[in-house]
Amino acid sequence: TMPRAELFAVMVAGLATISGNMLVVYATIIAPVVPDAAGQLLAASLVGAPASILAAMLMIPPDPAAAVAGGEPEMPPLYDSSMEAIVRGTADGLQLLLGIMASLIVFVALVALLDMILQPLTGLTLRGVAGWLMWPLAFAMGIPAAEAATVASSLGVKLVVNEFVSYLELATSGGAGLSERSRVILTWALCGFTNFASVGIMVGGMSLMCPERRGEIVRLGLPALAAGTIACCMMGATVGLLSPG
C-alpha cells in the first residue's frame, strides 16, 4: 500500500547502506589502511540513511495527494494458527532464499557475459567503463585530480562487481598511493550495496514478498541503483567538505 515515492525510497535506502554483519567484515578488512575503520563505516551508515532519502525524493518526489489518500489499511491475518504460521513461513522463507540466490547468479552471469562480448570488440571491460564514468564524481567528492582515477576505478569495481572486492583491493593495495584523506573519502563512498547483483537480490526478494507490485519494483530497480550511487557519493563528498585537503 506504500505510495510509489515511498517504495522507491525504501529501495534506495536498502542499496545506499550496509548491514551490520558486513560492516564488521569490511572494518576488519580495511583496518590496516583506514584509521578507525569501524567508526568510519558506522558513521557512513548513519549518514547514508538521510542521504538515500534525499536522493530518492529528488528523483521521484512524493505525491501529497497519495500520502493523504493512502492511510493505514487494516490488514487481515496471514495465518489461522501458530502451526500454519510455522509451516507456511518456512516454505515462504525457502522460496524467498531460492529467489534471491537465483537473482544473484543471473545478474553476476550477465555482467560476465557482457564483459565477454565487450572486451574482444573494444578492449574494455565494464569495470573500466564504469571507472571512467565515475571520474567526475570522484573529483566532485574532493579527491585531488592526481588520485581521482584510482578512486574512480574502485567506485567502478563496486558498481559492476560489489563493494567487497573494492574494499579488498583497497586493503591489499594500501590505497595505491592515495592520501589518508582520500582513503577515508573512498571508504565512505563505498559504504553501500550499490551494484547490479544487489539490485537483482533486492528486486527478486521484494517481488516475492509483494508479487502484486512486481512490475513496479522491477521498473524501479535501475533508477534505485542510480539514486543509491548518488547517495553514496554524497556521503563521500561530506567527508571531502568537512576535511579540506
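The values are calculated or read from the model by the stated rules, or taken from the named source; none is laboratory data. Note that the structure is predicted; figures quoted are calculated from it, not measured. Here Cβ is always computed from backbone atoms with ideal geometry, including for glycine, and neighbour counts include all displayed protein chains. Ligands, DNA and RNA are stripped out before the accessible areas are found, and what is left, the full protein with its side chains, is counted by its heavy atoms. Shrake-Rupley method; radii C 1.70, N 1.55, O 1.52, S 1.80 Å.
How much area per residue is accessible in the chain when the probe is 1.4 Å and only protein heavy atoms are counted (Å²)?
52
Ignoring ligands, DNA and RNA, what percent of the accessible area of the stretch 10-119 is carbon or sulfur (1.4 Å)?
The nonpolar share, carbon plus sulfur, comes to 75 percent.
What does the highest-first list of 80-93, 152-165, 123-136 look like by mean Cβ count within 10 Å?
152-165, 123-136, 80-93
Given the rule -39500 (n - 2.57) for each run of at least 4 DSSP H residues, summed and divided by the residues of the chain, what is its mean residue ellipticity at 222 nm, to the nearest 500 deg cm²/dmol?
-26000 deg cm²/dmol
Over 18 Å apart: what share of the alpha carbon pairs of the stretch 80-120 falls there, rounded to a whole percent?
Details: 431 of 820 pairs.
Here the tail beyond 18 Å accounts for 53 percent of pairs.
What does the convex hull of the Cα atoms of the stretch 121-245 come to per residue, in Å³, rounded to a whole number?
Roughly 115 Å³ of hull volume per residue.
Could you sort the peptides 7-14, 203-210, 237-244 by per-residue average Cβ neighbour count (10 Å cutoff), highest mean leading?
7-14, 203-210, 237-244
Collect residues whose amide H, placed 1.01 Å from N in the peptide plane, falls under 5 Å from the amide H of T17; neighbours closer than 5 in sequence don't count.
F193
Taking the Cα atoms of the stretch 1-106 alone, what are Rg (to one decimal) and Dmax (as a whole number) in Å?
Answer for the stretch 1-106, Rg first and Dmax second: 19.1, 54 Å.
With each label point set 7 Å from Cα along the Cα-Cβ vector, what nm distance links V218 and L94?
That separation, rounded to one decimal, is 2.6 nm.
Could you list, bin by bin from short to long, the percent of Cα-Cα pairs of the stretch 65-202 in 5 Å steps?
For the stretch 65-202, the pair-distance distribution reads 2, 9, 13, 14, 12, 10, 10, 8, 8, 7, 5, 2, 0.
Less than 15 Å Cβ to Cβ from V165, Lys/Arg counted +1 and Asp/Glu -1: what total charge do the surrounding residues give?
-1
Normalise the Debye intensity by I(0) for the chain, one equal point scatterer per Cα, no solvent, then take log10 at q = 0.07, 0.10, 0.15 Å⁻¹ and round to two decimals.
Once normalised to I(0) and log-transformed, intensities are -0.27, -0.53, -1.07.
Sequence gap at least 6, Cα distance under 8 Å: using those rules, report the relative contact order of the chain to the nearest whole percent. All intermediate terms of the calculation are to be shown ahead of the outcome.
Working: 324 pairs, mean separation 76.6, N = 245.
Once normalised by length, the contact order is 31 percent.
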